[in-house]
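Enquirer: One structure, pasted below without further comment.
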Amino acid sequence: MRDTIHLDPPKEIVCIECPNGCRILAEPSESGVRFSGYRCKRGLAYAEAELTRPMRTLTTSVRTVFADSPVVSVRTDGEIEKAMIRDVIDALGRIVVTRRIRIGDVVAENVCGSGVNIVCTSDRLVNAY
Ligand code: SF4
C-alpha cells in the first residue's frame, strides 16, 4: 500500500475503461488531489484507483502435459492488484495442466491469496483445431 502520493509534477493517467482513452490529470489541491480530463464517473473512479491501488486483469497461458496443445490460455476471473502480477505470473509458471479442461474451468483457486481464480479461456484441449 502506498502511504504518500507524489504529484509533482502532476500525473497523467490514461483511462482504459472505454475506447475514448481520456487523459486524466491528477494534481495536488488543498483538499487532496484534483482530477481533470475525465468525461464520466467511471473514469474518475479509475483514476482514483490508479493512484492508490491499481488493479488489472491478467491474461496469459500455462503449460500442459499434452503434446497436441502444450500451452492453454487462461485469465484471472477478476482483477488483482497490479503489484501482485509478477507473483501471479511466477505461480502460473509452476502450473502444468494434466486434464483436458475447457473454457471456464478453474486452473488455480485464490491465486497467491488474491481471492481471484485463474480460469481456462480456450477449448483447445477438448476440440482439435
Ligand atoms: S473517462 Fe469515461 S469516457 Fe473517458 S475513457 Fe474513461 S470511461 Fe471512457
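Where a number appears in this text, it was derived from the coordinates with a stated rule and is not lab data. Here the structure is a predicted model, which is why all the values come from computation and not from measurement. Counting neighbours? That spans all protein chains shown, and the Cβs are built from the backbone with ideal geometry, glycine included.
Enquirer: Mind checking the angle between helix 41-52 and the chain's longest principal axis? C-alpha axes, 0 to 90 degrees, to the nearest 10.
Expert: 90 degrees
Enquirer: Tally Lys and Arg at +1 and Asp and Glu at -1 over the other residues with C-beta under 11 Å from the C-beta of Pro70: what net charge comes out?
Expert: Surrounding charge for Pro70 is +1.
Enquirer: Around Val107, which amide H atoms from residues at least 5 apart in sequence, or from another chain, sit under 5 Å from its own amide H, with H modelled in the peptide plane?
Expert: Distant-sequence amide H within range of Val107: Ile118, Val119, Cys120.
Enquirer: Using only the alpha carbon atoms of segment 59-120, find the Kirkwood hydrodynamic radius as the inverse mean reciprocal pair distance, in angstroms to one decimal.
Expert: Every distinct Cα pair counted, the radius reaches 11.7 Å.
Enquirer: Over the chain, what is the mean sequence separation of C-alpha contacts under 8 Å (at least six apart), divided by residue count, expressed as relative contact order in percent? Display every interim value, and only then the final one.
Expert: Numbers: 216 pairs, mean separation 22.4, N = 129.
Computed value for the chain: 17 percent relative contact order.
Enquirer: What list of whole percents do you get for P(r) of the chain, with Cα-Cα distances grouped in 5 Å bins up to the one holding the largest distance?
Expert: Calculated over all Cα pairs of the chain, the distribution is 2, 10, 17, 15, 13, 12, 11, 8, 6, 4, 2, 0, 0 percent.
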